[in-house]
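Here the structure is laid out as structure tokens; the discussion comes afterwards.
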Amino acid sequence: MQLLEIQSSVRQDRSVSRTLVSKFIYQWQLFHPEAQHQLRDLGQQPPALITAEWVAANQTPAQDQTETTKALLAESDALIAELFECDRIVIGVPMYNFGIPAHLKAYFDNVIRVGHTVGYNRDTATFKGLLTEKQALIISSRTGSYAPETPAATMDFCVPYLQFLLNFLGIQHVDYVEVPYQGMGGKIQQQATETAIARLMELAEVW
């Protein structure tokens with residue numbers, strides 16, 4: 001069993017998503033002491049943005065790759081290898097301006113590649129994710145509550161987008177724990193955080 005931790009907050013200290021991801025992983029490892037753990041910290045080491053040269057290299061057939069094109073794709077290849085090697089993925093993601101951090105978007109731009117993580121059937125014009133038999137958990141902090149079936153849910157372009165991308169890659173088992181009302185202070189923030197932690201501790205036992 002191998003767990004891949006993906007952190008996307010730009011903050012190290014006082015990051016709610018980082019703190020709760022760490023709490024969850026610590027509890028989860030108590031039930032899986034044999035599991036290996038790898039950290040991919042996008043907040044501290046953002047992946048490179050894709051460029052026109054990157055796109056051209058990605059579209060170059062394997063037999064025609066050069067040292068230059070291979071170098072352009074090296075980071076993407078490494079990120080994809082991590083995904084294939086892991087069994088569980090935990091993503092800590094704060095909501096930035098109703099969406100995901102830019103460096104998390106850059107990460108998915110690097111790992112969503114036809115022929116590598118996604119198959120494409122030209123006859124039916126359909127895609128098939130290749131990262132199967134994996135589970136993912138999204139832990140998302142935000143200043144308000146954007147829970148499903150609430151009035152603000154339509155403004156959440158963070159978690160639904162992530163869920164779609166993970167499903168597109170073939171990861172169909174995706175759990176989600178919202179950490180709302182962060183930065184508001186007082187009892188409402190404390191209660192929301194405690195509720196999220198309690199949910200994560202329960203999930204760690206069965207996930």
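The values are calculated or read from the model by the stated rules, or taken from the named source; none is laboratory data. None of these values were measured; they are calculated from a predicted model. Counting neighbours? That spans all protein chains shown, and the Cβs are built from the backbone with ideal geometry, glycine included.
So which residues in segment 33-43 are within 19 Å of PHE108 (Cβ to Cβ) and assigned to a strand (DSSP E or B), if there are any at all?
GLN38, LEU39, ARG40, ASP41
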Checklist entry - Applying the selection to segment 24-53, what residues are free of Cβ contacts under 8 Å to residues at least 40 places away in the same chain and closer than 21 Å to PRO101 by Cα? => result LEU39, ASP41, GLN44, GLN45, THR51
Checklist outcome for this item: Every listed condition ((1) under 30 Å from ALA48 (Cα atoms); (2) in contact with a strand residue (DSSP E or B) (Cβ under 6 Å, 6 or more places away or on another chain); (3) modelled with pLDDT of 95 or more) holds for ARG199 save (1)
Item to check | Pick from segment 14-61, criterion under 27 Å from THR193 (Cβ atoms) and among the aliphatic types (A, V, I, L, M), ranking: surrounded by the most Cβ atoms within 10 Å (Cβ to Cβ) | outcome: VAL21
Checklist entry - Within segment 146-187, how many residues turn out to be touching a residue at least 12 places away in the same chain (Cβ under 8 Å) and charged (D, E, K, R)? => result 3
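Looking only at helices (runs of 4 or more DSSP H) that fall completely inside segment 44-117, which ones have 3 or more residues that are modelled with pLDDT of 95 or more and among the charged types (D, E, K, R)?
Working: elements: 52-58, 67-85, 102-111.
Those helices (runs of 4 or more DSSP H) span 67-85.
Just give me the residues in segment 152-195 being part of a helix (DSSP H, G or I) and touching a helix residue (DSSP H, G or I) at 6+ places or on another chain (Cβ under 6 Å), in sequence order.
Applying the first criterion (part of a helix (DSSP H, G or I)) to segment 152-195 yields 152-155, 159-168, 186-195.
Across segment 152-195, the qualifying residue is only LEU165.
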Checklist entry - Looking at PHE127, PHE108, which one is in contact (Cβ under 8 Å) with a residue 40 or more places away in the chain and either polar (S, T, N, Q) or in contact with a strand residue (DSSP E or B) (Cβ under 7 Å, 6 or more places away or on another chain) (or both)? => result PHE127
Next on the checklist: Against the definition (over 24 Å from SER76 (Cα atoms) and modelled with pLDDT of 95 or more), how does HIS37 come out, yes or no?
Outcome noted: no
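Given VAL118, VAL114, VAL206, which one is touching a Phe, Trp or Tyr at 6+ places or on another chain (Cβ under 8 Å), exposed (fewer than 13 other Cβ atoms within 10 Å of the Cβ) and not aromatic (Phe, Trp, Tyr)? Outline the logic, then answer.
Working: VAL118 fails: exposed (fewer than 13 other Cβ atoms within 10 Å of the Cβ); VAL206 fails: touching a Phe, Trp or Tyr at 6+ places or on another chain (Cβ under 8 Å).
Going through VAL118, VAL114, VAL206 in turn, the sole match is VAL114.
Just to be sure before I move on: is GLU67 loosely packed, with under 12 Cβ neighbours inside 10 Å and within 22 Å of HIS173 (Cβ to Cβ) in the structure I sent? Lay out the reasoning, then the answer.
Values: loosely packed, with under 12 Cβ neighbours inside 10 Å: yes; within 22 Å of HIS173 (Cβ to Cβ): no.
No: the conditions fail for GLU67.
Rundown of residues vs (1) surrounded by 16 or more Cβ atoms within 10 Å (Cβ to Cβ); (2) under 21 Å from the mean Cα position of the chain (by Cα), yes/no style:
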| site | (1), (2) |
| --- | --- |
| THR124 | no, no |
| LEU131 | yes, yes |
| THR150 | no, no |
| ILE171 | yes, yes |
| VAL174 | yes, yes |
| TYR181 | yes, no |
| GLN190 | no, no |
